[in-house]
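Working notes, beginning with the structure itself.
The values are calculated or read from the model by the stated rules, or taken from the named source; none is laboratory data. Computed from a predicted structure; not experimentally measured. Cβ sites come from the backbone with ideal geometry, for glycine too, and all protein chains shown count toward neighbours. For the accessible areas, the whole protein counts, side chains as well, though only heavy atoms, and no ligand, DNA or RNA atoms are used. Shrake-Rupley method; radii C 1.70, N 1.55, O 1.52, S 1.80 Å.
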Amino acid sequence: MGRREQREQIFRLLFRVEFNAPEEMPQQRDFFLDEIKLPAEEEGLAAKDRDIAYITEKYGQIQEKLPQIDQMIDEKAQGWSVSRMGKVELTLLRLGVYEILFDQNVPDSVAINEAVELAKKYGQDNAGAFVNAVLAKFLRPEQGEKK
């Protein structure tokens, strides 16, 4: 499974946060991981285990920072609060903000592009533009893009 597919699985798992209590999320995570069909199943158990480990680890890192990420989104999304945003858009903003600010392995432009593409696939008509506009506010031009 490539990074794009892994990111989509992380998005789908993170989306469940909006519909389940925090104490239910470990069980929800386990249900999700049991249900997803990974292309790595054809490549063998080791590849599938690596995909699941990556998805689980990154999801956990994002979930750990959700209060901080939500506060930052509230500050940058002028005229919007996380409580008023669509669930798809909010989930993608959380993923994108995490990748821009906390994941040094993902270039900023990739984080934004991938979030916009997922917004076009899963969100409302203008979701891609909204996600792009908000995530662009998290770029740090003075530091340059991460490599």
Of the listed residues (Q124, Q68), the one being open to solvent by 30 Å² or more (accessible area, probe 1.4 Å), of a type outside the set (A, V, I, L, M) and part of a helix (DSSP H, G or I) is Q68
Does V110 satisfy being β-branched (V, I, T), surrounded by fewer than 20 Cβ atoms within 10 Å (Cβ to Cβ) and outside any helix (DSSP H, G or I)? no
Output for Cβ contacts, cut-off 6 Å, separation at least six or different chains, first residue within 14 Å of G123 (Cα to Cα) in region 79-98, second of a type outside the set (D, E, K, R) and open to solvent by 30 Å² or more (accessible area, probe 1.4 Å), reads V88/Y122; E89/F130; T91/F15
Do we find that K58 is closer than 18 Å to E5 by Cα and surrounded by fewer than 20 Cβ atoms within 10 Å (Cβ to Cβ) in this structure? no
Only one of V82, V88 is assigned to a loop (DSSP other than H, G, I, E, B) and closer than 16 Å to F15 by Cβ, namely V82
Looking only at region 1-39, which residues are surrounded by fewer than 16 Cβ atoms within 10 Å (Cβ to Cβ), more than 15 Å from A53 (Cα to Cα) and within 14 Å of the chain's Cα centre (by Cα)? R4, E18
Filtering region 71-107 for residues that are open to solvent by less than 30 Å² (accessible area, probe 1.4 Å) and among the charged types (D, E, K, R) leaves a count of 4
